[in-house]
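K.L.:
Got a structure here, written out as structure tokens. Questions coming.
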There are 2 protein chains.
Amino acid sequence: MKILITGGAGFLGARLARTILKQGALSGQEITSLVIADLFPPPTDLQADPRVSYHAGPMLEQQALFASGFDGVFHLASAVSGECEQDFELGLRSNLDSTRALLDGLRQAGNAPRMVFASSVAVYGPDASNPLPDLVSDHTLPSPQTSYGTHKLMLEYLVADYTRKGFIDGRSARLMTVTVRPGKPNGAASSFFSGIIREPLAGVESICPVDARVSHPVSSPGNTVKGLITVFEASREAMNGRLALNLPGLNVKVSDMLQALENVGGPAVRQRVRFERNEQVAGIVANWSRGSTAERAHALGLRPDASFEAIIQQYIEDCQGPGYPADALKGLAR
Amino acid sequence: MKILITGGAGFLGARLARTILKQGALSGQEITSLVIADLFPPPTDLQADPRVSYHAGPMLEQQALFASGFDGVFHLASAVSGECEQDFELGLRSNLDSTRALLDGLRQAGNAPRMVFASSVAVYGPDASNPLPDLVSDHTLPSPQTSYGTHKLMLEYLVADYTRKGFIDGRSARLMTVTVRPGKPNGAASSFFSGIIREPLAGVESICPVDARVSHPVSSPGNTVKGLITVFEASREAMNGRLALNLPGLNVKVSDMLQALENVGGPAVRQRVRFERNEQVAGIVANWSRGSTAERAHALGLRPDASFEAIIQQYIEDCQGPGYPADALKGLAR
């Protein structure tokens, strides 16, 4: 089986690649080739796997690659929310146009490959005539409030139409906010959902820019990758009609996250989180889903992470693996 | 006020142009210039108006025109449902790419013009996990089952995002099936919604390919044009959040339409309609909305046509105007 992962050099894409390579098969078929398409080369552990090859560069230049005949595709490459807000044309190009290039390449290949498109909980948003429900569900009418969410939603429908026409066998999985991500705090409004766990564990102070009562659906990297693979392996019949679905999210308040941090790491770790309201971030987050359900993913056997403690434990274990700094757990007295 | 109508040479676009020219103003501002962009030149009565100019050719080649500084835009140009199903790339180009060219041109102009995008009731469709309700409403989750409906829905969201960013002041009006259209029967599955009225009035037999109990939301050309103008003139506040809305439809059964035909034209006219089931057409129509509501349009003061008799009467009056053949009412004994 020849697999393509776009965005496969990023945090989530590389984890997906490692998981697929480790299990060695998808849908019971052996992985003979895994191709990563991303702006930059994948981590060295992936490059070292003889089944892996990579193409570094913009997706818009890779249509010949896309048309080369894949059996399965995970499309994760995307300009992220903050980038799309800052640079409108970059968003159109990196999301809409690049996905069109991918879809048209796959269509040219003519073998109707299975494809999972990584969509996002960002398709949901409130407006005056369509307020957000307490929990967004597969049946909630999306009103995206960012260009990123707009592109994701548009592409879900395009993936469905290419599938209806028989050009691909596509489906769209709406990712919840993935936490705990490694790396430095960045400008993304959601950065603090990882930062308030990651920095205290590294012995560094972290600022929480929103109220402790803020609630949000989150998912560990491991459970998110499991969701992508399960949606890939689901039969068309099991998808039961509409091809977009929410992946499961654990609906947590910031206060729950910090209590879990204390339960796992002790009070000294938790005390490294300081609340300092940032009106801009708080304003953006106020437009986000407070929680989600995932009825259709549930029918495929998917579940949210068991607890936020389990999410933190996963991060602590991850810190032993590639891509994590040596001092990632310096703040954890053990 | 300088107005652009894309698709302004077509049946509905030309009617919109005539209505705007006749009333002489939009939002209380005088119409000084009305530009029609379409694949072909507009009817001669429009060409004769000194306020009218036209640009014939593909929209993809007209970005300079679009960037030339309009105060208001009605975007009606589109490849229709049957065309998009037959020629997938034509649909992508004529709908998605052409609208991108328009939006980017308007954005370049920098004056955030008011824009109405003509969307369609075709955004709605059934699937296994999202059956159609009896009446589709502004709150119904769309599941388009055609490329045409897919493109319309995607573009509604793109129009909303360009508006959110302040590049245009856009809104999307979902048109119901427009009847009675002039012209010959064509290959469109919806053709019979006009044909079963138009042909008998001209003294010609018409075949109804679906059961008399089939129900559908329809709108007269006049009421549809009124809807487009009202949505154009509505303030941003009156739009109340989400920028896409259903225009009002009169929910009628085929049997109601034929009863109205008899009421207006007498039994001999009605008897020119013969039922002969066409499985292909009936199968397509089975995926269509059986009726609609239009809560948000209602709040703007819009209403469905008063009755199907009134829709037929409008057609009979239209037959005196430009674009209708001399024998259009040959079958009507008066």
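K.L.:
Let me confirm something: among A:32, A:44, A:6, A:19, which residue is hydroxyl-bearing (Ser, Thr, Tyr) and crowded, with 17+ Cβ neighbours inside 10 Å?
P.N.:
A:6
K.L.:
Given the conditions (1) free of Cβ contacts under 8 Å to residues at least 24 places away in the same chain; (2) at the interface with chain A (Cβ under 8 Å from one of its Cβ atoms), and given that residue B:184 satisfies all but one, which numbered condition is not satisfied?
P.N.:
Going through the list (1) free of Cβ contacts under 8 Å to residues at least 24 places away in the same chain; (2) at the interface with chain A (Cβ under 8 Å from one of its Cβ atoms), residue B:184 breaks only (2).
K.L.:
Among the residues in region B:199-207, are any within 14 Å of chain A (Cβ to nearest Cβ), part of a helix (DSSP H, G or I) and at pLDDT 95 or above?
P.N.:
No, there is no match, as no residue in region B:199-207 is within 14 Å of chain A (Cβ to nearest Cβ), part of a helix (DSSP H, G or I) and at pLDDT 95 or above.
K.L.:
Could you list, in sequence order, the residues of region B:214-228 that are of a type outside the set (Gly, Ala, Ser) and either buried (at least 22 other Cβ atoms within 10 Å of the Cβ) or in contact with a helix residue (DSSP H, G or I) (Cβ under 7 Å, 6 or more places away or on another chain) (or both)?
P.N.:
B:214, B:216, B:217, B:218, B:221, B:223, B:224, B:225, B:228 - these are the residues of region B:214-228 that are of a type outside the set (Gly, Ala, Ser) and either buried (at least 22 other Cβ atoms within 10 Å of the Cβ) or in contact with a helix residue (DSSP H, G or I) (Cβ under 7 Å, 6 or more places away or on another chain) (or both).
K.L.:
Next question. Mind listing whichever residues of region A:62-86 are of a type in the set (D, E, K, R) and modelled with pLDDT of 95 or more?
P.N.:
A:71
K.L.:
When the residues of region B:166-181 are filtered to those that are within 14 Å of another protein chain (Cβ to nearest Cβ) and over 20 Å from residue B:14 (Cα atoms), which remaining residue is surrounded by the fewest Cβ atoms within 10 Å (Cβ to Cβ)?
P.N.:
Of everything passing the filter in region B:166-181, B:166 is surrounded by the fewest Cβ atoms within 10 Å (Cβ to Cβ).
K.L.:
Now for a different question. Residue check, residue A:299 against (1) over 24 Å from residue A:11 (Cβ atoms); (2) touching a Ser or Thr at 6+ places or on another chain (Cβ under 8 Å), all met but one. Which one?
P.N.:
Of the numbered conditions (1) over 24 Å from residue A:11 (Cβ atoms); (2) touching a Ser or Thr at 6+ places or on another chain (Cβ under 8 Å), the odd one out for residue A:299 is (2).
K.L.:
Follow-up question, since we're still on this one. Go through region B:308-330 and give me each residue that's in a loop (DSSP other than H, G, I, E, B) and on the phi < 0 side of the Ramachandran plot.
P.N.:
B:319, B:320, B:321, B:322, B:324, B:325, B:326, B:327, B:328, B:329, B:330
K.L.:
Here is a list of conditions, (1) surrounded by fewer than 19 Cβ atoms within 10 Å (Cβ to Cβ); (2) within 14 Å of another protein chain (Cβ to nearest Cβ), and residue B:284 meets all of them except one; can you say which number that is?
P.N.:
Condition (1) is where residue B:284 drops out.
K.L.:
Restricting attention to region A:123-143, does a residue exist that is in a helix (DSSP H, G or I), within 12 Å of another protein chain (Cβ to nearest Cβ) and among the hydrophobic types (A, V, I, L, M, F, W, C)?
P.N.:
Yes; the residues of region A:123-143 include at least one that is in a helix (DSSP H, G or I), within 12 Å of another protein chain (Cβ to nearest Cβ) and among the hydrophobic types (A, V, I, L, M, F, W, C).
K.L.:
Residues that are of a type in the set (Lys, Arg) and in contact (Cβ under 8 Å) with a residue 40 or more places away in the chain: find the helices (runs of 4 or more DSSP H) completely inside region B:23-115 holding 1 or more of those.
P.N.:
B:98-109
Each row is one residue, and each column tells you yes or no for (1) in contact with a strand residue (DSSP E or B) (Cβ under 7 Å, 6 or more places away or on another chain); (2) facing chain B (nearest Cβ under 9 Å).
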{"residue": "A:93", "(1), (2)": "no, no"}
{"residue": "A:96", "(1), (2)": "no, yes"}
{"residue": "A:108", "(1), (2)": "no, no"}
{"residue": "A:152", "(1), (2)": "yes, no"}
{"residue": "A:164", "(1), (2)": "no, yes"}
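Residue-by-condition table, conditions (1) crowded, with 20+ Cβ neighbours inside 10 Å; (2) hydroxyl-bearing (Ser, Thr, Tyr); (3) within 14 Å of another protein chain (Cβ to nearest Cβ); (4) closer than 21 Å to residue B:124 by Cβ:
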| position | (1), (2), (3), (4) |
| --- | --- |
| B:234 | yes, no, yes, no |
| B:239 | yes, no, yes, yes |
| B:245 | yes, no, yes, yes |
| B:250 | yes, no, no, yes |
| B:260 | yes, no, no, no |
| B:263 | no, no, no, no |
| B:268 | no, no, no, no |
| B:273 | yes, no, no, no |
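K.L.:
For region B:188-236, which residues satisfy the criterion of being touching a strand residue (DSSP E or B) at 6+ places or on another chain (Cβ under 9 Å) and of a type in the set (D, E, K, R)?
P.N.:
Listed by number, the residues that qualify are B:198, B:199, B:205, B:211, B:213, B:233, B:236.
The values are calculated or read from the model by the stated rules, or taken from the named source; none is laboratory data. Here the structure is a predicted model, which means the values were calculated and not measured. Neighbour counts are summed over all protein chains in view; Cβ atoms, including those assigned to glycine, are modelled from backbone coordinates with ideal geometry.
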